[in-house]
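For reference, the structure discussed in these notes is given below.
Where a number appears in this text, it was derived from the coordinates with a stated rule and is not lab data. What you see is a predicted model; the values in this text were computed from it and never measured. No Cβ is skipped: glycine too gets one built from the backbone with ideal geometry, and neighbour counts run over all protein chains shown.
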Amino acid sequence: DTAVSQTPKYLVTQMGNDKSIKCEQNLGHDTMYWYKQDSKKFLKIMFSYNNKELIINETVPNRFSPKSPDKAHLNLHINSLELGDSAVYFCASSLPGVQFFGPGTRLTVL
Amino acid sequence: TQLLKQSPQFLSIQEGENLTVYCNSSSVFSSLQWYRQEPGEGPVLLVTVVTGGEVKKLKRLTFQFGDARKDSSLHITAAQPGDTGLYLCAGAPAGTALIFGKGTTLSVSS
């Protein structure tokens, strides 16, 4: 039933490690996104994909690499994790004008 | 530069009180959206306002889009503890990705 799902829900890791977050949507949408929400709750777009093609990359460090194996999946791989990467990461998919968010992945870098 | 400014940032009220949250910009938006985010969840779309001067009602929530399409407000009548959450306004400047305000954290106590 879940429209946009993310795994894992929580991720605790050491600085310098590499980690991935997976996202899947069963809504049939063409467009998917990754957002980062910081400790002050500010939500900012990182990437946008349309039909597996990258269309927006909002000056995110190249340690972050999104991958879209198909229209329903958009995964986020992060290399060499830093303390400042600690945040909640949200995946979303959309119809024009309406975004549907996943439940978020809380990443803590120690 | 913060394109969408929300105020107040925090609001703590008693059950039954009324409140208004504001979302202001110096830019014109073709539409503005309001989302509510509960702890541990992703934002959920409440409403989209499109026409300048438009007023939309969702039960006890009233949303208004300014005549010049630069601002919006959310008014809650007789707030209830279930209204507690983070309220986010969002808009997409022409041809760009959705941007969010910094949010208003509402706490309604019984």
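Please work out if residue B:21 is surrounded by 19 or more Cβ atoms within 10 Å (Cβ to Cβ), β-branched (Val, Ile, Thr) and farther than 26 Å from residue A:49 by Cβ.
Criteria met by residue B:21.
Report the residue count in the range A:20-34 for those that are touching a Pro at 6+ places or on another chain (Cβ under 9 Å) and either charged (D, E, K, R) or closer than 22 Å to residue A:84 by Cβ (or both).
Result for the range A:20-34: 3.
Taking the range B:42-75, which residues are closer than 22 Å to residue B:8 by Cβ and of a type in the set (S, T, N, Q)?
Residues satisfying the conditions are B:62, B:64, B:72, B:73.
Taking the range A:29-60 only, how many residues are loosely packed, with under 13 Cβ neighbours inside 10 Å, assigned to a loop (DSSP other than H, G, I, E, B) and without any contact (Cβ under 8 Å) to a residue 40 or more places away in the chain?
3
Can you list the strands (runs of 3 or more DSSP E) found entirely within the range B:19-110 that contain at least 1 residues being more than 10 Å from chain A (Cβ to nearest Cβ), in contact with a Ser or Thr (Cβ under 7 Å, 6 or more places away or on another chain) and within 25 Å of residue A:37 (Cβ to Cβ)?
In the range B:19-110, B:19-24, B:32-37, B:44-49, B:61-65, B:71-76, B:85-91, B:104-109 are the strands (runs of 3 or more DSSP E) which contain 1 or more residues that are more than 10 Å from chain A (Cβ to nearest Cβ), in contact with a Ser or Thr (Cβ under 7 Å, 6 or more places away or on another chain) and within 25 Å of residue A:37 (Cβ to Cβ).
Cβ-Cβ under 7 Å, sequence separation 6+ or interchain: first residue in the range A:66-95 and assigned to a loop (DSSP other than H, G, I, E, B), partner among the polar types (S, T, N, Q). Which pairs?
Close Cβ pairs (under 7 Å, with a partner that is among the polar types (S, T, N, Q)) amount to A:71/A:51; A:72/A:25; A:72/A:26; A:81/A:13; A:81/A:17; A:86/A:108.
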